[in-house]
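Step one of this worksheet: look at the structure below.
The values are calculated or read from the model by the stated rules, or taken from the named source; none is laboratory data. The structure presented is a predicted model; accordingly, all values stated were derived computationally and were not measured. Quick reminder, even Gly has a Cβ in these numbers, built from the backbone with ideal geometry, and neighbours come from all protein chains shown. Just the protein is used for accessible areas: all its heavy atoms, side chains included, with ligands, DNA and RNA removed. Shrake-Rupley method; radii C 1.70, N 1.55, O 1.52, S 1.80 Å.
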Amino acid sequence: MIQQSPAKTKSFLKAINKAAMQKCSDIAKQIEDTTQEEMQRAEDEARKDGHLKIEAAKAKIEAQAKLKVALYENEKKKEIFSKRAAYQKEVFALATTRLQAFTASSEYTAYLEKHLSDLSDKVSENLTFRIREKDSAAQSAIQKAYPSAAIETDPTIKIGAYKVIDRDKSILIDETLDAGLENQLDWFLLNSKLKVEL
């Protein structure tokens, strides 16, 4: 067995202790650095997640607000459409009443005679007229202007005047007051200032 001197042993132990202390210090530094890095990474992720959650919450709130505004606007548009439809119905009901009163006047006969006279340039003699049931003024005016024409009643005519079918030319001409009033609907919507923008 080799004997070493106590000074050498002490020096050797001191060197081992110093190396061990240095190794412990290095490991502690490494652990501290790794811990700092992990903590920084965790903080960064938490900030990022927090920011993403905040952005998601903001986006959700904005989407809900936009939806509420859109629903409100849609509801108001429905109300406006409903009011416009009510005004339109009221105006056209009044127009219908006035046209029905017109068909009971002497002016109606003059109106029919003029229109029947203007019709002669457009049709042949092989005609069938369709009139509102119990429209004696239309029946008389047609028989006077076109004695050979057939006359039928048409339940779709509610106000007055006539439809004429030219069998030779295969055409139908609708001169009813009903059709004239219906054709005024587009004009009414454009000129009544009740247009609703979507």
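Could you pull out the trypsin sites (Lys or Arg not before Pro) across the range 106-160 that fall in loop regions by DSSP (anything but H, G, I, E, B) with no more than 11 other Cβ atoms inside 10 Å?
Numbers: sites: 114, 122, 130, 132, 134, 144, 158; in loops: 122, 132, 134, 158.
Answer in residue order: 122, 134.
Geometric descriptor of the chain, per residue, is 268 Å³ (volume of the convex hull of the Cα atoms). Which of the listed residues, 27, 146, 5, is farthest toward the dipole's positive end in the chain, when Lys, Arg count +1 and Asp, Glu count -1 at the beta-carbon? Towards the positive end, the residue furthest out is 5. For the range 1-57, the direction-averaged projected area of the alpha-carbon convex hull comes to 5.1 nm². For the range 42-145, the convex hull drawn through the C-alpha positions has a volume of 197 cubic angstrom per residue. In this structure residue 77 has an accessible area near 60 Å², from a 1.4 Å probe over the protein heavy atoms.
Antiparallel DSSP bridges in the range 90-198: what percent, to the nearest 5?
On the way: 9 of 13 bridges.
Rounded to the nearest five, the antiparallel share is 70 percent.
About the centre of its Cα atoms, the range 29-98 shows a dipole size close to 1200 debye [charges on the beta carbon of Lys, Arg (+1) and Asp, Glu (-1) only; nearest 20 debye].
Accessible surface computed residue by residue for the range 122-187, with neighbouring protein chains in place and a 1.4 Å probe, gives 58 Å² per residue.
Only Lys, Arg, Asp and Glu carry charge here, each on its Cβ (+1 for the first two, -1 for the last two); on that basis the range 73-159 has a dipole of about 420 debye about its Cα centre.
Need one number: % antiparallel among DSSP beta bridges in the chain, to the nearest 5.
Values: 9 of 13 bridges.
Within the chain, antiparallel bridges account for around 70 percent of the total.
Quick check: net charge around residue 122, other residues with Cβ under 10 Å of its Cβ, Lys/Arg +1 and Asp/Glu -1? Summing Lys and Arg as +1 and Asp and Glu as -1 gives -2.
Simple rule: put +1 on each Lys or Arg Cβ and -1 on each Asp or Glu Cβ in the chain, find the dipole, and look at 117, 74, 164; the Cα lying farthest toward the positive end is 74. Near residue 132, once Lys and Arg are set to +1 and Asp and Glu to -1 for all other residues with Cβ below 14 Å from its Cβ, the sum equals -3.
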